[in-house]
Amino acid sequence: VVVIEDLISTGNSSLLAVEALKEAGANVKGMAAIFSYGFEIATENFKNANVDLYTLSNYENLLPLAVAKKYISEEEELALQNWRKNPSTWEK
């Protein structure tokens, strides 16, 4: 089985699905997702669960493209980069 996910943030809910599949006897080969924020916690969670993750796109690639297409300004890009460093404590 290859699990398909739309969005990876921490990976917790996705890995719960993998665990349930494995408990049901499935041979999980890995996970594919449309997008990932690329949080370090997700990388750690997938590594610890020994699950390979492949994504079509990610936050790191999205921001420069959004600037190039003028969806966001360079100032907004910097704010979004800062948010990604630690979203749970951003601007608290």
## Note on the structure
Under the helix-only model (-39500 (n - 2.57) for each DSSP H run of 4 or more, divided by the residues of the chain), the mean residue ellipticity at 222 nm, to 500 deg cm²/dmol, is -14000 deg cm²/dmol
### Query
Using alpha-carbon positions, what is the distance between the centroids of segment 67-82 and segment 18-57, in Å?
29 Å
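In whole percent, and with a 1.4 Å probe on the protein chains, what portion of the accessible area of the chain is carbon and sulfur?
Working: 3490 of 6580 Å².
In the chain, the share of accessible area belonging to carbon and sulfur is 53 percent.
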### For segment 11-86, accessible area per residue (1.4 Å probe, heavy atoms of protein chains only), Å²
70 Å²
### Summary
Of all chymotrypsin sites (Phe, Trp or Tyr not before Pro) in segment 5-92, the ones in DSSP coil with at most 16 other Cβ atoms within 10 Å are Tyr71, Trp90
### Query
Using modelled amide H (1.01 Å from N, peptide plane; none on Pro or chain starts), what sits under 5 Å from the amide H of Ala33, excluding residues fewer than 5 places away?
Glu5, Tyr54, Thr55, Leu56
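May I ask you to compute the full-extension gain from Glu23 to Thr89, defined as 0.36 nm times their residue separation minus their alpha-carbon distance, rounded to one decimal in nm? Can you show the working numbers first?
On the way: separation 66, 0.36 × 66 = 23.76 nm, distance 3.54 nm.
Here the answer is 20.2 nm.
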### Task
Provide the gained length on full extension for the span Asn12 to Lys70, in nm with one decimal, where the gain is 0.36 nm per separating residue minus the Cα-Cα distance.
17.6 nm
### Query
Picking from Lys22, Lys69, Lys47, which is most flexible by a Gaussian network model of the chain using Cα springs under 10 Å?
Lys69
### Query
Quick one: net charge of Val3's neighbours, Cβ under 13 Å, K/R +1, D/E -1?
-2
### Message
Multiplying the sequence separation of Thr43 and Asn61 by 0.36 nm and subtracting their Cα-Cα distance, what value in nm do you get?
### Response
4.8 nm
### Task
Please determine, in degrees from 0 to 90 and to the nearest 10, the orientation of helix 74-85 with respect to the longest principal axis defined by the Cα atoms of the chain, where the helix direction is its Cα long axis.
40 degrees
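Counting alpha carbon pairs within less than 8 Å and at least 6 residues apart, what relative contact order, in whole percent, applies to the chain?
Relative contact order comes out at 26 percent.
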### Message
Using only Cα atoms and rounding to the nearest 10 degrees, what angle (0 to 90) does helix 12-23 make with the longest principal axis of the chain?
### Response
10 degrees
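The values are calculated or read from the model by the stated rules, or taken from the named source; none is laboratory data. What you are looking at is a predicted structure, and each value in this text was computed from that prediction instead of being measured. Ideal geometry is used to build each Cβ from the backbone, glycine not excepted, and the neighbour counts take in all protein chains shown. Quick note on the areas: whole protein, heavy atoms, side chains included, nothing else; ligands and nucleic acids left out. Shrake-Rupley method; radii C 1.70, N 1.55, O 1.52, S 1.80 Å.
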